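The values are calculated or read from the model by the stated rules, or taken from the named source; none is laboratory data. None of these values were measured; they are calculated from a predicted model. For neighbour counting, all protein chains shown are included, and Cβ atoms are generated from backbone atoms with ideal geometry for every residue, glycine included.
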Ligand SMILES: NC(=O)c1ccc[n+]([C@@H]2O[C@H](COP(=O)([O-])OP(=O)(O)OC[C@H]3O[C@@H](n4cnc5c(N)ncnc54)[C@H](O)[C@@H]3O)[C@@H](O)[C@H]2O)c1
């Protein structure tokens, strides 16, 4: 198993890519702390894992609240004594015409998509240092690499995730803490399926992708697994698109 004896915190574990990652990491032997603002959803994911012989704990967590992070870290240390992996996955979509985006949209988009990533890293890194190292994977977006129409706030918030990932990789590399970002493209999840599976927009998304199909949550989770695992021991500070070739253009 690729994550044997590892302790992994995964945010947004109740749906989409986070759910796929919680299941995959548990299958690969990790003890998973799955968090989500939607406790019922993440409890259901965790219950399935524990029924099938895996090990996971569900915690209610608003990633935008620093105090919630302290609680998640404290519970993780209490349960397992260490943190090896942090997957900052939780995020929200903010789509609006450029001129209609408000101060409130900015505040919310940054709080959930960006501040959360900083809070999580600040909370986990001291424990990773104590433990001799760790791996952090921050989920950005192709919107953090290229401009996306109708998503100015989202693009800015995810671009900041890309940049803060590199800053942390540089600051903590000598402590053996690896920090990388993943940039999903058009992935069908509860967040996106209303658009991606609609007759109106699906042909557009498909036209943007080099590969034949839209992405699946498990395909992003597989990339998270690789970067989190010891197989990626010499990889830090990278931005990995999982986008079927959208950004190859
Ligand atoms: N779906 C895509 O095509 C796509 C593309 C690029 C990037 N992303 C990014 O991937 C990540 C996962 O997206 P997804 O498509 O799986 O979405 P999703 O909506 O299916 O799942 C996101 C989960 O995060 C949780 N969440 C939302 N706000 C939260 C908060 N404040 N605190 C804690 N949990 C919170 C939700 O309850 C949900 O369970 C997000 O960061 C998203 O921006 C998605």
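Here's the yes/no breakdown for (1) closer than 15 Å to residue 10 by Cα; (2) loosely packed, with under 15 Cβ neighbours inside 10 Å; (3) in contact with a strand residue (DSSP E or B) (Cβ under 6 Å, 6 or more places away or on another chain):
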{"position": "55", "(1), (2), (3)": "yes, no, yes"}
{"position": "88", "(1), (2), (3)": "yes, no, yes"}
{"position": "106", "(1), (2), (3)": "no, no, no"}
{"position": "119", "(1), (2), (3)": "yes, no, no"}
May I ask you to say which residue of 143, 123, 168, 151 is under 21 Å from residue 10 (Cα atoms) and within 15 Å of the ligand (Cβ to nearest atom)?
123
Looking only at helices (runs of 4 or more DSSP H) that lie completely in the range 16-103, which have at least 2 residues being within 15 Å of the ligand (Cβ to nearest atom) and out of contact with any helix residue (DSSP H, G or I) (no Cβ under 9 Å at 6 or more places or on another chain)?
39-51, 66-80
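Tally time: how many residues in the range 136-153 are assigned to a helix (DSSP H, G or I) and under 14 Å from residue 88 (Cβ atoms)?
Quick first cut of the range 136-153, residues assigned to a helix (DSSP H, G or I) only: 142-144, 152-153.
Now drop any that are not under 14 Å from residue 88 (Cβ atoms), which leaves 144.
So the answer is 1.
Let's see how each residue does on (1) touching a helix residue (DSSP H, G or I) at 6+ places or on another chain (Cβ under 9 Å); (2) in contact (Cβ under 8 Å) with a residue 40 or more places away in the chain; (3) assigned to a helix (DSSP H, G or I):
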residue	(1), (2), (3)
155	yes, no, yes
160	yes, yes, yes
163	yes, no, yes
170	no, yes, yes
178	yes, yes, no
182	yes, yes, no
198	no, no, no
226	yes, no, yes
234	no, no, no
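When you check residue 137 against the structure, is it modelled with pLDDT of 95 or more, buried (at least 22 other Cβ atoms within 10 Å of the Cβ) and within 20 Å of residue 185 (Cα to Cα), yes or no? Break it down into steps so the answer makes sense when it comes.
On the way: modelled with pLDDT of 95 or more: yes; buried (at least 22 other Cβ atoms within 10 Å of the Cβ): yes; within 20 Å of residue 185 (Cα to Cα): yes.
Taking the combined requirement at face value, the residue satisfies it.
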Single condition residue 152 does not satisfy, out of (1) crowded, with 17+ Cβ neighbours inside 10 Å; (2) at positive phi:
(2)
Residue 3 fails exactly one of (1) out of contact with any strand residue (DSSP E or B) (no Cβ under 8 Å at 6 or more places or on another chain); (2) more than 8 Å from the ligand (Cβ to nearest atom); (3) at pLDDT 95 or above; (4) farther than 21 Å from residue 188 by Cβ, namely (1)
